[in-house]
Structures are given as structure tokens and as C-alpha cells.
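Report on one structure; see the data block that follows.
Where a number appears in this text, it was derived from the coordinates with a stated rule and is not lab data. Bear in mind the structure is a predicted one, so any value in this text is a computation, not a measurement. Please note: Cβ atoms are built from the backbone with ideal geometry, for glycine as well, and neighbour counts cover all protein chains shown.
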Amino acid sequence: MFRHATRVIATVIVLLPGATLAQPTSLRIQLDPLIDLYMSARAMAERPDEPPPVFAPAVAAARSVQDRLGRNTLGWGVIDGALDGSGQAETFRARVAEMPDPVRVFGGQSVSLRTQALAMAGAIQDAQPRFVEDLWPRRQAQLNTSLDAIIQRFGGREQACLSFMLDALGMPDPHVTIPVYLVTSAPWPGAMTFFNDDRQGVCFVATDAATDTRLLETILHEATHALEIADAGSMGVLAQLERRLIAAGIPENNRLVHDLPHTIMFVNAAETVRRTIDPRHIAYGEGDESGALYDRLPLARTAVIPAWIDYLDHTTTKEQMLDRIVAAAVSLHEKNSDPARVGVMDLLSGLARAELAGDGEALSGLFTTDALIMPPGGAPVISGRNAIHTHYTDLFEAAGLTGVRIIPDEIDISGDQAVVVGRTRTEVTPAGAVGPDIHLDRFLLVAQRDADGTWRVHRLMWTPLESSR
């Protein structure tokens with residue numbers, strides 16, 4: 001009844017010691033209407049506009065799941081992982097009914113999701129027949145075109161890519177087939193990997209997540225997550241780095257312990273494409289219309305990329321590479337642990353939260369009473385907390401903010417004054433728009449510390465970098 005497509009690539013058989021035949025790790029890139037429907041509903045749930053009728057109940061249910069999870073989007077994994085191999089929506093719903101509840105999500109928090117997840121699975125089941133009949137044929141054709149382009153760009157070098165990655169990461173070949181589901185659209189960031197019911201990694205990649213060889217890099221990056229799952233308990237480079245960071249005194253729940261191994265995944269996937277498929281490849285992390293990922297990942301450009309490139313070029317050893325990254329991480333951790341710097345970072349986080357919530361009262365409260373905002377383009381200066389409150393209240397009524405990110409590049413603190421230079425990425429999604437307008441700005445902010453130790457914005461100015469749809 002439901003039409004699927006599967007292609008297995010990188011399936012060369014090798015003879016292993018002991019005269020036994022084993023299949024090396026491969027990618028099974030496939031299409032599945034159930035998963036395409038589900039991921040589209042999840043993607044639409046992130047946007048404020050009304051979804052098409054066939055998706056509406058599933059989108060509403062997805063939003064209720066997200067409300068339970070809050071910012072912990074990794075909690076979706078227990079639901080998403082049940083999709084692999086389901087095929088039929090009723091099978092998916094039955095698997096969801098059997099999932100543990102509550103579930104423990106990233107950070108150790110326990111969240112009860114079963115009621116909301118079952119509602120979403122039921123909505124997907126109701127929508128599947130109409131989706132398959134009316135929408136899937138065209139989507140399937142588009143995805144098959146993308147799949148043909150992926151296979152052409154790999155050019156039969158999939159096994160070389162996987163071998164390069166395994167060797168660089170110090171992982172033994174787990175001899176698994178990694179399922180990679182191509183979908184029309186997916187929630188941010190457009191690609192993800194979770195456990196399936198067999199505790200194996202399953203990857204989901206939207207064809208609009210990247211273009212050209214960057215889509216190959218995205219697939220290989222997600223495959224790395226699956227390899228890491230298969231490598232659990234071993235001492236590959238990623239696990240070694242995590243253990244070293246913790247041993248050096250960085251708390252296990254510190255973002256550096258997660259972000260630095262993840263940055264290596266990005267860099268290694270990019271270098272795999274560059275060194276195996278196309279030397280002209282531009283890394284996903286170098287940026288596109290939404291800004292450069294490497295600029296947002298701590299220590300990416302200053303420590304991880306140069307150390308990893310030297311390691312791949314055999315100009316430094318694995319131990320030296322790890323030592324360099326850990327030393328840089330310890331230095332940054334000590335710097336970030338300074339109470340004044342923590343206070344300034346809390347101020348920036350508060351600004352982003354208040355702006356995303358559209359809360360003019362909370363946002364203006366983060367400014368000093370005599371603060372000045374100096375907009376670009378010769379616009380009038382906004383003077384004082386009351387005027388700032390009015391300005392942002394009016395702005396929030398007119399704009400549909402769907403994403404705010406503040407990225408500090410430099411923080412210079414002297415006594416009770418701090419100067420912050422950085423970048424912002426703001427998403428504004430007008431009603432009825434297919435996607436957000438993305439605004440990138442560079443800002444200069446001067447903060448002052450009150451007598452009670454609270455940091456507030458005293459001066460703020462910015463200049464647009466670019467604006468793109």
C-alpha cells in the first residue's frame with residue numbers, strides 16, 4: 001500500500017582475519033512516507049503559521065510534545081527512534097505506546113511524554129493515507145532526484161569515506177548498516193541521529209539541510225553519530241577527549257564536554273569530503289546565509305580545527321592533538337568561571353530569552369535607567385529605560401520573532417564595566433511565510449554592574465551584516 005525506496009551504498013565485502021567474511025559498515029539511504037510525514041509535521045511545529053489541513057492535528061500534537069520538553073529538543077529521540085522500520089503508522093503508534101514513561105532526557109531531567117507522544121502518533125496514523133495518496137508521489141520523486149545526486153557525488157567512494165572517518169576517529173569498524181532517511185524537511189537543525197528500538201543509531205537528513213557536497217558532509221556527520229553509538233564503551237578519539245576534559249577538571253555537564261567532541265565530528269566529516277571526494281569542498285561550518293557554525297562553536301577556529309588538521313596531516317600525534325584541545329578548553333573554562341564574566345553572560349542570555357518571548361517589560365528591565373540604544377542607519381537614539389520599553393513593546397507587536405541567538409566574540413571587563421563585541425542571529429517569520437527572514441548583525445554593548453552585582457546594558461549599537469530569506 002505504501003511506497004518505499006531503499007538503496008544500500010558502500011557494501012564492498014572484505015576478508016577479515018580468521019577467514020570469515022564480514023560486511024564493512026555501510027550506509028542504507030532510504031525514503032519512507034511515514035517518516036517524511038512525521039518529520040514535516042515536526043518542522044511545521046516550529047513555525048508560527050498555520051499548517052496545511054492534512055498536517056494540522058499532527059503539528060498541534062508535536063507542539064504539545066515540545067511544550068513538555070521545553071528547550072531540551074534531544075528528548076524527541078525516544079519518539080523519533082521508534083520510526084525506524086515501522087513502515088505503517090499503526091506500528092509506530094504501538095511502539096510509542098510501549099516506550100518508557102517518564103523518560104530521562106539530556107541533562108538528567110525526567111519528563112512524562114507518553115500522552116502527548118501517543119496523540120501525535122495517532123494524528124500521524126490518521127493523516128498517513130491522505131498524505132500518501134495526495135502528497136507522497138511528488139515528494140518521492142523529489143527525494144529520488146536528491147538521492148540520485150547524492151550517489152553521483154559520492155561517485156562510488158562511500159566506503160573510502162567511512163574508512164577514512166573510522167581511521168581518523170580511532171574506531172574499529174562495527175560492521176553495521178547505518179540507516180539514513182532522506183526527508184523533505186525536518187526540524188532544526190535539519191539533520192539528527194537517535195537510537196532506534198535496537199539501540200542502534202538511525203539518521204534523519206532533510207534534503208534542504210545543505211546543498212552540493214555539504215549534503216554529503218551532513219550525511220557523514222550524522223553517520224559519525226551512529227558510529228559513536230556503535231563504539232560505546234571503547235576508547236576512540238571522541239571518548240578519549242571527553243574523558244580527558246573531565247579529568248582536567250571541567251564538569252561533565254559543562255557544554256565544552258559536549259561541544260568539543262561534536263566540533264571534531266563536524267571538522268572530520270568536512271575533511272573526509274575534502275580529502276576523499278572533492279578538494280574544493282567548503283565545510284558546512286564555514287557558513288551560509290545563516291552564519292558560520294564554526295564561529296558559534298567554542299574553540300573551533302582557535303584550537304580544534306588547527307589541531308585536527310595537523311593530526312590528519314600527520315604533523316602531530318593523536319596525544320599532542322588531544323593535549324592542545326584540552327589545554328585550550330581548560331583555559332577557556334577558567335576564564336568563563338570568573339564571576340564577573342558569568343554575570344555578563346547571564347545578561348546576554350536574559351536578553352535573548354526576553355526578546356524571543358516578546359516580553360518588553362523583562363527586556364527593558366535589563367537596561368540601566370539612563371541607557372542609550374543607537375540603531376544603525378541614522379535612526380533616532382532611544383534614550384532611557386521607559387523609551388526602550390515602549391520601543392520593544394511596539395516592535396514585538398509587529399514582528400514574529402521565532403529565533404534569537406546572541407554570540408559574544410569578545411568580552412572585556414574592567415571593574416564594574418564590560419564591553420562586549422559580538423554577533424546576533426534573529427529569525428523573523430511573518431504570518432503565512434514558508435520560512436523565516438534571517439537577520440545577522442554585529443553589535444557593541446557596554447554593560448554596567450549595579451551595587452547589588454547585577455549587570456545591565458548601558459549602551460547598545462549594532463550594524464547589519466546581511467539579511468536573507
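Taking GluC sites (Glu not before Pro) across region 76-169, the ones in a DSSP loop with at most 15 further Cβ atoms lying within 10 angstrom of their Cβ are GLU98. Between ASP278 and THR463, the FRET efficiency estimated from the beta carbon spacing at R0 = 35 angstrom works out to 0.50. Measuring r between the beta carbons of VAL330 and SER64 and using R0 = 56 Å, the FRET efficiency lands at 0.85. Over the Cα atoms of region 340-468, each weighted equally, I'd like the Debye log10 I(q)/I(0) at q = 0.16, 0.20, 0.21, 0.22 Å⁻¹, rounded to two decimals. Evaluating at q = 0.16, 0.20, 0.21, 0.22 Å⁻¹ gives log10 I(q)/I(0) of -0.79, -1.25, -1.38, -1.50. Seen from GLN125, the other residues with C-beta closer than 13 Å to its C-beta sum to a net charge of +1, counting Lys and Arg as +1 and Asp and Glu as -1.
For region 235-336, state the semi-axes of the equivalent ellipsoid (square roots of 5 times the eigenvalues of the alpha-carbon gyration tensor), sorted largest first and rounded to whole angstrom.
Working: eigenvalues 107, 56, 23 Å².
So the three semi-axes of region 235-336 are 23, 17, 11 Å.
Each residue, ARG296 and SER383, gets one label point 7 Å from its Cα in the Cβ direction; the gap between the two is 3.7 nm. Extension gain for GLU133-THR317 works out to 60.6 nm (0.36 nm per residue, less the C-alpha to C-alpha distance).
List the trypsin sites (Lys or Arg not before Pro) within region 118-201 that fall in a DSSP loop (any state other than H, G, I, E or B) and whose Cβ has at most 10 other Cβ atoms within 10 Å. Provide the component values of the computation, followed by the final result.
Working: sites: ARG130, ARG138, ARG139, ARG153, ARG157, ARG199; in loops: ARG157, ARG199.
Sites meeting the loop and neighbour criteria: ARG199.
Taking 7 Å steps out from each Cα toward its Cβ at HIS439 and ALA248 produces label points 3.8 nm apart.
The HIS258 and ALA362 beta-carbon pair, evaluated with R₀ = 30 Å, returns a calculated FRET efficiency of approximately 0.60. Label separation (THR177 vs ASP370): 7.2 nm, computed from points 7 Å beyond Cα along the C-beta direction.
Of the GluC sites (Glu not before Pro) found in region 230-321, those that fall in a DSSP loop while having at most 10 other beta-carbon atoms within 10 Å are GLU252, GLU289. With 0.36 nm allotted per residue and the present C-alpha distance subtracted, the ALA97-ALA451 stretch has 122.0 nm of extension available.
Taking the square roots of five times each eigenvalue of the Cα gyration tensor of region 77-145, the equivalent ellipsoid has semi-axes of 28, 14, 10 Å, listed largest first. Hydrodynamic radius of the chain by the Kirkwood approach over all distinct alpha-carbon pairs: 24.3 Å.
For region 5-215, take the convex hull of the Cα atoms, compute a quarter of its surface area, and give me that in nm², please.
Details: hull surface 51.9 nm².
Projected area, direction-averaged: 13.0 nm².
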